[in-house]
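Structure, as structure tokens:
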Amino acid sequence: MGGEWTKLPLEECMEAIIDYRGKTPQKTTSGIPLITAKIIKDGSIQPVTEFIAEDDYDSWMRRGIPKSGDIVMTTEAPLGEVAQLDNRKVALAQRVITLRGKDGLLDNTFLKYLLISHDVQHQLDGRGTGTTVKGIKQSELRRVMLRFPPFAEQKAIAHILGSLDDKIELNRQMNATLESMAQALFKSWFVDFDPVIDNALAAGNPIPEPLHARAESRKALGDQRKSLPEAIQQQFPCRFVFSEEMGWIPEGWTIQSLETLIELIGGGTPKTSIDEYWGGDIPWFSVVDAPSPSDVFVVNTEKCITEQGLANSSAKLLPAGTTIISARGTVGKCAVVGQPMAMNQSCYGVRGKDDIADYYTYYTVLLRVSDLQQRGHGSIFNTITRDTFKSIQTPFCGSKLTSQFDAVVSPYLIKILANIASSDKLTKLRDTLLPKLLSGELRIPDAEKMLEQAL
């Protein structure tokens, strides 16, 4: 496969250029998903948070209706983020332009990768204007030069790179499912007290009035609610007792301040003026490294430090399994350390005391994020301190049951960590192949072999 490559300005390659700059839609809480610049990130469309009303769609979308497979690109704040639309009916917001390649000339999926290539991104940056926020006018975008092979070769390249992205997306979806299963189990055991309700129902013990609705839903499940191994089920009590601090809690459980259950570990930053402290093998976490909630773990960080940097600063090496929470500025970003790493002073490392298990600790902190945020203080930056953790109370079951929880959810979390490693490897391969395929340096058959080995 091969042939002459074509070089044309973008405007001559497009069947459609749909631009809604200069217009602001009336947003609603539900309806047609609105694709905004802030959710086009890292080659994909993040979860939609804004909508327009169904009745407003036709009047709003007069400049053109996006189609499945079209490419959306941010034109400002930030400039040059790219993604491909799926088959959902969507509306377009400001600072987002939609591009559709001419059929038979420029494949849309290939166009996506072409737009994120170094050459096109460099052109976008060069044609953009603005000092604080850089943007690009449509007239300048139309003049960006695109270089591409024959259509059949474009399709082959798009298939190779798209297959890698599809697997990465599949891993992301699997992680979201696994994480939701782990979080649902935590809520069932330690928030809704389902096993205690089940034991109380089986023993014929009274159910407190605030828990009647939950008990009825458990009854409706019948035998399906008996999903826990008997050895675990017996570790939950069969009665509730009333506490002044938190209302009805399982008998035998205690009310504890969050601070009494955890050890807080501070972070630090090696001197940036000393080169020998930076660029080492020790990942160094800051809030920019916080993963998506479904990924749970942080494994790789933007910056790394050396052993010398660690030794000559207040940074500490956190063992795998430690929870990190951002504590200043952007408060409440949580992650579990996937490999030993350090962190900056705007975060806390959190470890369970007295054999309290790691994943239980993570989900306990995650559950209390909104409370921590509300109780933070600071005139310029919101900040949470050790006293903030002391002010939050939680019912506590004892360390043995936390270990049982970790034993049940560990297979989910281990698989999430494996998927992250897989996606990291696939991302590196895609980023290696992309410039070589788009320049013609790498032949299609050779890339297909590399794809087969990776998948």
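The values are calculated or read from the model by the stated rules, or taken from the named source; none is laboratory data. Quick caveat, the model's predicted, so the values are computed rather than measured. A quick note on method: Cβ atoms are made from the backbone with ideal geometry, for glycine too, and the neighbour counts reach across all protein chains shown.
Can you pull out the residues in segment 333-351 that are farther than 19 Å from residue 279 by Cα and part of a strand (DSSP E or B)?
Pass one, segment 333-351, residues farther than 19 Å from residue 279 by Cα: 333-338, 346-351.
Once the filter is applied, which keeps residues that are farther than 19 Å from residue 279 by Cα and part of a strand (DSSP E or B), segment 333-351 yields 334, 335, 336, 337, 347, 348, 349, 350, 351.
Please work out if residue 388 is modelled with pLDDT of 95 or more and either outside the structural domain of residue 247 (by TED's automatic domain parsing) or outside any helix (DSSP H, G or I) (or both).
So residue 388 does not fit the description; no.
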May I ask you to list pairs of residues, at least six apart or on different chains, whose Cβ atoms are under 6 Å apart, with the first in segment 295-320 being without any contact (Cβ under 8 Å) to a residue 40 or more places away in the chain and the second being charged (D, E, K, R)?
302/289; 308/276
So which residues in segment 18-36 are surrounded by fewer than 20 Cβ atoms within 10 Å (Cβ to Cβ) and either under 27 Å from residue 166 (Cβ atoms) or free of Cβ contacts under 8 Å to residues at least 12 places away in the same chain (or both)?
18, 33
The correct count of residues that are polar (S, T, N, Q) and in contact with an Asp or Glu (Cβ under 6 Å, 6 or more places away or on another chain) in segment 241-300 is 1
Keeping to segment 242-289, report how many residues are small (Gly, Ala, Ser), touching a strand residue (DSSP E or B) at 6+ places or on another chain (Cβ under 7 Å) and exposed (fewer than 12 other Cβ atoms within 10 Å of the Cβ).
1
Need at least 3 residues that are under 22 Å from residue 165 (Cα atoms) and touching a strand residue (DSSP E or B) at 6+ places or on another chain (Cβ under 6 Å) per element, so show me which helices (runs of 4 or more DSSP H) inside segment 49-130 make the cut, counting only ones lying wholly within it.
108-115
List pairs: first in segment 349-372 and buried (at least 23 other Cβ atoms within 10 Å of the Cβ), second among the basic types (Lys, Arg) and not in a helix (DSSP H, G or I), Cβ under 7 Å, 6+ apart or cross-chain?
361/351
Just the residues that are in a helix (DSSP H, G or I) and closer than 14 Å to residue 228 by Cα, please, taken from segment 186-201.
186, 188, 189, 194, 195, 196, 197, 198, 199
From 167, 134, which residue is over 22 Å from residue 447 (Cα atoms) and either of a type in the set (A, V, I, L, M) or buried (at least 16 other Cβ atoms within 10 Å of the Cβ) (or both)?
134
